[in-house]
Amino acid sequence: MSDLPQSFLAALEELDQLRADALFRLALADRAPIEAVEQLIVPALEAIGRGWDEGRTALSQVYVAGRFCERLVSGVFPAGIEAGGERPRTAIVVLNDYHFLGKRIVSAVLRASGIAVLDYGRMDVDELVSRVAADRLEVLLISVLMLPAALQVGALTAALRARDLPVRVAVGGAPFHFDAELWREVGAHAMGRTAGDAPGIVRALLEEGR
Amino acid sequence: MNSMQRCLAALAHQEPDRVPLFLLATLHGARELGMPIAEYFSAAEHVVEGQLRLFRKYRGDCLYAFFYAAIEAEAWGGSTHFRADGPPACGEPVIGSASLIDRLDPPAIDDAPGLLRVIETIRRLSDFAGDRVPVIGVAISPFSLPVMQMGFAAYLDLIHDDRARFEQLMRVNEEFTVSWANAQLAAGATAICYFDPLSAASVIPPALYRQTGRRVARRTLARITGPTATHLASGRALPIMGDLADTGTLAVGVSALEDLRVLKAAAGDRVALLGNLNGVEMRRWTPVRAEAEVRRAIAGAARGGGFILSDNHGEIPWQVADQVLMAIGDAVERWGRYPLDWIPSAARAG
Ligand code: B12
């Protein structure tokens with residue numbers, strides 16, 4: 001059954017949700033649930049994301065796959081994978097922008113990968129700094145679409161540093177694709193080229209910060 | 001040659017005197033007039049004055065009547081958020097639930113103050129331009145417009161889950177786009193830039209495009225009574241280049257994420273290319289880098305005509321410095337003169 005992850009990926013790429021669902025259930029038969037997530041869902045979403053970055057898949061496929069996997073996982077674990085009730089120390093936000101699809105896809109991919117994340121909606125810099133402090137965040141994910149919003153991340157990271165907040169900031173969205181240097185310039189700790197990068201980035205940043 | 005002759009030759013896949021330059025600056029007009037962006041776009045005379053100043057300053061080959069994408073959403077009852085340092089963005093979706101599509105009617109151009117400002121701008125620009133300089137109008141495609149009408153996620157859900165309603169929305173939107181584009185042509189626009197990034201291979205897979213965006217484009221472009229160029233707003237074009245040519249468009253706006261040489265080989269002389277300077281990155285360019293990028297683009301796609309140099313999105317970001325835009329104009333003068341003998345022959349063969 002070693003080609004199960006491969007078949008699952010193929011089913012997702014073809015938007016064959018019935019087959020993907022059946023394969024996921026098959027995996028659950030001889031694996032712990034969290035293993036099924038890590039062996040099937042996480043690599044599949046990563047691969048679809050990579051395919052998008054390289055021009056082989058389309059954004060709509062990333063969206064549909066993320067949305068579907070999120071549903072798959074919540075169907076099996078209605079209470080969320082990380083049960084235990086502790087408030088997550090990871091959040092996602094749209095900074096001063098009016099475009100929510102990126103955040104929505106990244107959130108779906110994270111939840112489908114078993115990572116709990118707070119959704120801050122849309123905020124400006126001051127409000128966001130206060131929330132980061134109040135929630136004692138460890139990782140903040142920012143999604144932007146417009147260049148001025150991407151540039152505002154610079155003001156945000158400066159304000160976070162000024163208040164000595166230990167949060168790690170990861171950014172993503174179109175401006176960071178078109179200018180590969182931009183994420184460093186605005187003082188982010190990491191940049192994701194696709195939603196599929198998000199679970200790996202969150203895990204690495206949590207690790208770094210501890 | 002004047003700008004019009006230069007562009008016509010390039011679009012006919014012949015070599016003009018030099019590579020035409022479409023320097024698609026919009027927001028920079030506000031800077032020229034020392035005016036906040038929101039105020040700038042509130043009156044046709046501002047945009048006319050802004051475009052004329054930019055035209056003289058940067059020596060481009062067109063006048064650009066584009067205000068901002070959300071101005072079309074305003075016609076459907078939407079709102080626009082202005083900001084001081086960048087392009088306006090569309091507010092809340094007006095189609096809050098898919099069932100509203102069943103009762104949707106296209107707005108009349110005459111009832112939309114924003115669109116009338118654009119029409120007035122085109123009228124005045126075309127009085128100035130005569131037949132010497134092309135005046136470019138813009139219409140968002142019926143297929144891309146719903147992102148602003150109903151939100152991106154809801155629209156992707158509609159495409160995937162409710163094809164009948166999707167078709168209904170396309171019928172309504174097509175009526176709007178056709179009358180909007182034709183009103184601009186009637187006011188004196190030389191050509192319409194049909195913005196259709198939803199059709200890009202980075203947004204939907206080519207197979208889905210062939211069932212959706214391509215059909216919409218074929219029907220719509222056939223009813224627009226003047227020349228059109230399709231712009232993917234920096235989305236990927238390569239996998240669908242042949243399909244785009246089949247829609248009847250004259251040129252395709254292409255992305256900095258794709259190789260111009262490869263795009264040119266795919267386009268051949270079926271469709272001209274418009275692009276592909278990276279506007280977002282341009283913010284950090286020096287004049288020297290700008291010159292190198294112009295050379296790269298010209299070497300990649302200008303031989304034999306069929307090429308207009310431009311940014312890859314159809315709008316240069318507010319943050320791009322004057323000296324970079326000047327350097328682009330200078331570099332086109334220096335490196336864009338045909339017959340482009342400086343291009344190494346290996347590059348020419350490609
Ligand atoms: C389709 C499109 C349009 C469509 C729909 C746009 C929309 N969403 O409303 C239309 C035609 C309406 C349009 C209009 C405009 N557009 Co437009 N458009 C695009 C295009 C081609 C795709 C944008 C998109 O929505 N993608 C979907 C999102 C989800 O993709 P994404 O943000 O990249 O997210 C993915 C990854 O980056 C990642 N990700 C995102 N966030 C995060 C966060 C983290 C932490 C991680 C790990 C990953 C991650 O996950 C996602 C999936 O993998 C891009 C160019 C491009 N090639 O990307 C230009 C682009 C976004 N547009 C741009 C602009 C400027 C505009 C306008 C303002 C133009 C104008 N003057 O009117 C308007 C604004 C429209 C509005 N809503 O008000 C610019 C923005 C940059 C800039 N110059 O400031 C772009 C980047 C073009 C460019 N190269 O300059 N546009």
### Query
Which residues, taken from the stretch B:257-279, are outside any helix (DSSP H, G or I) and more than 16 Å from B:Leu21 (Cα to Cα)?
B:Leu257, B:Glu258, B:Asp259, B:Gly268, B:Asp269, B:Arg270, B:Val271
#### Entry: Answer from B:Gly300, B:Gly242, B:Gly304 - the residue that is of a type outside the set (D, E, K, R), closer than 26 Å to B:Gln319 by Cβ and not in a strand (DSSP E or B)
B:Gly300
### Query
Residue check: is B:Met148 within 21 Å of B:Thr249 (Cβ to Cβ) and assigned to a helix (DSSP H, G or I)?
no
### Task
Go through the stretch B:306-320 residue by residue and tally those that are aliphatic (A, V, I, L, M) and either more than 20 Å from B:Glu32 (Cβ to Cβ) or at pLDDT below 95 (or both).
2
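Conditions (1) surrounded by 18 or more Cβ atoms within 10 Å (Cβ to Cβ); (2) over 25 Å from B:Glu175 (Cβ atoms); (3) within 14 Å of another protein chain (Cβ to nearest Cβ); (4) acidic (Asp, Glu), marked per residue:
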| position | (1), (2), (3), (4) |
| --- | --- |
| B:Glu45 | no, yes, no, yes |
| B:Leu54 | yes, yes, no, no |
| B:Ile71 | yes, no, no, no |
| B:Ala75 | yes, no, no, no |
| B:Pro93 | yes, no, yes, no |
### Task
State yes or no: is A:Val167 of a type outside the set (D, E, K, R), farther than 16 Å from B:Arg283 by Cβ, in the same structural domain as A:Asp197 (by TED's automatic domain parsing) and more than 11 Å from the ligand (Cβ to nearest atom)?
yes
### Residue satisfying all of: in the stretch A:6-65; within 14 Å of chain B (Cβ to nearest Cβ) and among the hydroxyl-bearing types (Ser, Thr, Tyr); nearest to A:Val202 (Cα to Cα) among these
A:Tyr63
### Qualifying position, being away from the ligand (no atom under 14 Å from the Cβ) and in a strand (DSSP E or B), among A:Gly114, A:Gly75, A:Gly121, A:Gly154
A:Gly121
### Message
Give all pairs with beta carbons closer than 8 Å in which a residue from the stretch B:273-299 that is more than 14 Å from chain A (Cβ to nearest Cβ) meets a residue that is away from the ligand (no atom under 16 Å from the Cβ) and of a type in the set (Phe, Trp, Tyr); count only pairs at least 6 apart in sequence or on separate chains.
### Response
B:Leu273/B:Phe307; B:Leu274/B:Phe307; B:Glu291/B:Trp335; B:Val294/B:Trp335; B:Arg295/B:Trp335; B:Ile298/B:Phe307; B:Ile298/B:Trp335
### Query
For the stretch A:2-49, how many residues meet the condition of being among the small types (Gly, Ala, Ser), closer than 18 Å to A:Ser113 by Cβ and surrounded by 14 or more Cβ atoms within 10 Å (Cβ to Cβ)?
7
### Task
From the list B:Phe22, B:Phe41, pick out the single residue that is out of contact with any Gly (no Cβ under 8 Å at 6 or more places or on another chain), modelled with pLDDT of 95 or more and either β-branched (Val, Ile, Thr) or crowded, with 23+ Cβ neighbours inside 10 Å (or both).
B:Phe41
## Note on the structure
When the stretch B:189-207 is checked residue by residue, the ones that are part of a helix (DSSP H, G or I), touching a helix residue (DSSP H, G or I) at 6+ places or on another chain (Cβ under 8 Å) and more than 11 Å from the ligand (Cβ to nearest atom) are B:Pro206
### Query
Just to be sure, is B:Gly248 closer than 20 Å to B:Gln14 by Cα, more than 12 Å from every other protein chain (Cβ to nearest Cβ) and surrounded by fewer than 20 Cβ atoms within 10 Å (Cβ to Cβ)?
yes
### Summary
Being part of a helix (DSSP H, G or I) and under 21 Å from B:Leu115 (Cα atoms) narrows B:Ala217, B:Ala183 down to just B:Ala183
### Message
Tell me whether the stretch B:109-119 contains one or more residues that are of a type in the set (Asp, Glu), out of contact with any strand residue (DSSP E or B) (no Cβ under 9 Å at 6 or more places or on another chain) and over 28 Å from B:Ala331 (Cβ atoms).
### Response
yes
### Query
Pairs, please: C-beta under 6 Å, at least 6 apart or cross-chain, first residue part of a loop (DSSP other than H, G, I, E, B) and in the stretch A:132-145, second β-branched (Val, Ile, Thr)?
A:Leu137/A:Val167
### The lone exception for B:Phe176 - which of (1) under 29 Å from A:Lys103 (Cβ atoms); (2) within 15 Å of the ligand (Cβ to nearest atom) it fails
(1)
### Query
Does A:Pro148 satisfy the condition of being assigned to a helix (DSSP H, G or I), without any contact (Cβ under 8 Å) to a residue 60 or more places away in the chain and within 18 Å of the chain's Cα centre (by Cα)?
no
### Query
What helices (runs of 4 or more DSSP H), lying completely within the stretch B:20-93, carry at least 3 residues that are touching a residue at least 24 places away in the same chain (Cβ under 8 Å)?
B:28-33, B:44-58, B:70-75
### Message
Here's a check for you: in the stretch A:170-184, which residue that is within 9 Å of the ligand (Cβ to nearest atom) and of a type in the set (A, V, I, L, M, F, W, C) is nearest to the other protein chains (Cβ to nearest Cβ)?
### Response
A:Phe178
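The values are calculated or read from the model by the stated rules, or taken from the named source; none is laboratory data. If you're wondering where the values come from, they're calculated on a predicted model, not measured in any experiment. Neighbour counts run over all protein chains shown; Cβ positions are idealised from the backbone, glycine included.
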